[in-house]
Amino acid sequence: MKPIVAIVGRPNVGKSTLFNRIVGGRTAIVEDTPGVTRDRLYRDTSWRGRNFTLVDTGGLEFNRDDTITTMVRQQVEVAMDEADVIVFVTDGKEGLNPNDHMVADMLRRIRKPVILAVNKIERFKDPAFMEFYQLGLGDPVPVSAMHGMNIGDLLDKIYEALPDLPDDDYEPDAIKIAVVGRPNVGKSSLVNVLLGQERVIVSDVPGTTRDAIDTVFQRDNQEYVIIDTAGLRRKSRVEEPTERYSVIRSLRAIDRSDVVLVVIDATEGVTEQDKRIAGYAHEAGKAIILVVNKWDLIEKDANTINRFEEGIRMELPFLHYAPTAFVSALTRKRVPKLFDLVDFVAEQAARRVATSVLNEVIQEAVRLTPPPSDKGRRLKILYATQAGVKPPKFILFVNNPKLLHFSYKRYLENQLRQAFGFEGNPVWLLVRKRDE
């Protein structure tokens, strides 16, 4: 389970620049598939062997009370509430600002590790940043996010503050299911039906489930763990969860899961937040099922499901492999069949392929459609091996990795899917030069 580190501060202090500087080159992106949501709100990264999720936030202001400012403030409070470590960014060029003192007051109340970063400092012997000791948040760390100066020292501070989060103590064969989605799409109701009893509070008010809930149960001699992300929200000062940052509550559940049920509201269709949540699950390499809930509220004709399916694929093209289930948690229609899908995609995630069979499929694919040449040079795939499962991960040893065009990589993935299935799972194709 990865810790969450949130970057906070007032507007224009360089939070996003610092975010991009830290995740640049260490971002957990395994493919460059067009259509994958790459919202720079959060990214997985690592330092000194420790993985963590870095979260960017909007600028905090206290001298304005308009709707947008209030919403941003609520969003940042949600991010701080969910984070394990907070990096408070200030502007060393401008100096201390009354808003900095107000942010510092907020941070002292939440009682979490806070690292004070003074940005836009390019001469570290300049004592100007020493005034930030007045904030009472410990030793300020001078950095220049724009020029990448002293970022290592800041990351060392983050590393030292990262908590050791416990691993899940479940049976190795248990299938862990994360139920994720926007507020009020019916996650808790769906969990109740899956469990067959009212173990989770159900309410029409988004965010009403406050305590983390993992429920372990057995069905047909298979152990399951349902992680209800509606319950990931710890007790908070924020009364109204905000759309953009409530996605943060899904991160840990996705990381801990084997299978992710991405719940979509049939009455609203796929939203930007749905794309963020689904994109994170995709990049995390999880088995995914798209669950369209509230299907009972949709007026139907003979082509309704087909039209809705086409709309989902258009909005979520990177999840072409994920099966779709149209259910109603209210009427319980089709919900029990979800277990069959969960078992199926979990089995596909753990599937191993014999090396000899794998290479036969790859070589046959090359014979059917040879790779295109580039300035007279042609890609040669010398050998393939499966490097892991959950998700299925393959390494292609080639003469020159730069010759493997994205479109041909997608072709090879499709050939692997045609031969071996892997439904509901991303397939990771990693390319190595023959001597690596």
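The values are calculated or read from the model by the stated rules, or taken from the named source; none is laboratory data. As the structure is a computational prediction, the values presented were derived from the model and not from experiment. Glycine also receives a Cβ, built like all others from the backbone with ideal geometry; neighbour counts cover every protein chain displayed. Protein only, heavy atoms only, side chains kept; ligands, DNA and RNA dropped before computing areas. Shrake-Rupley method; radii C 1.70, N 1.55, O 1.52, S 1.80 Å.
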Considering the options 379, 361, 312, tell which one lies farthest towards the positive end of the dipole of the range 299-436, charges being +1 on Lys and Arg and -1 on Asp and Glu at the Cβ, about the Cα centre.
-> 379
The set of residues whose placed amide H lies less than 5 Å from the amide H of residue 258, leaving out same-chain residues fewer than 5 positions away, is 176, 177, 178
Heavy-atom accessible area of residue 297 with all protein chains present, probe 1.4 Å, nearest 10 Å²?
-> 110 Å²
Going residue by residue through the range 397-413, the Karplus relation 6.51 cos²θ - 1.76 cosθ + 1.60 with θ = phi - 60° gives ³J(HN,Hα) values, rounded to whole Hz and with x marking Gly or Pro, of 8, 10, 6, 8, x, 5, 7, 8, 6, 3, 5, 6, 4, 5, 4, 5, 4
List, in order, the whole-Hz ³J(HN,Hα) value for each residue of the range 84-92 obtained from phi through the Karplus relation with A = 6.51, B = -1.76, C = 1.60 and θ = phi - 60°; use x for Gly and Pro.
-> 9, 9, 10, 9, 9, 9, 10, 10, x
Square roots of five times the Cα gyration tensor eigenvalues for the range 307-436, Å = 34, 17, 11
Would you work out the charge dipole size for the range 277-390 about its Cα centre, treating the Cβ of every Lys and Arg as +1 and the Cβ of every Asp and Glu as -1, and quote it to the nearest 20 debye?
-> 320 debye
Under a 1.4 angstrom probe, counting protein chains only, how are 295, 47 ranked by accessible area, largest first?
-> 47, 295
Hey, which of these cross-link pairs are over 23 Å Cα-Cα: 176/390; 187/337; 176/300?
-> 176/300
Hey, if you put +1 on the Cβ of every Lys and Arg and -1 on every Asp and Glu Cβ in the range 327-436, which of 408, 392, 419 ends up farthest toward the positive end of that dipole?
-> 408
Taking the Cα centre of the range 88-137 as origin, sum charge times position over the Cβ atoms of Lys and Arg (+1) and Asp and Glu (-1), and report the length of that vector in debye to the nearest 20.
-> 280 debye
Residue (of 175, 158, 140) at the positive-pole extreme of the range 139-181, dipole from beta-carbon charges | 140
From the C-alpha gyration tensor of the range 278-337, pull out the three semi-axes of the equivalent ellipsoid (sqrt of 5λ each), sorted largest to smallest, in whole Å.
-> 22, 15, 8
Treating cross-link reach as a plain straight distance, find the lysines whose alpha-carbon is under 21 Å from the alpha-carbon of residue 157, omitting any fewer than eight places away in the same chain.
-> 2, 15, 112, 120, 125
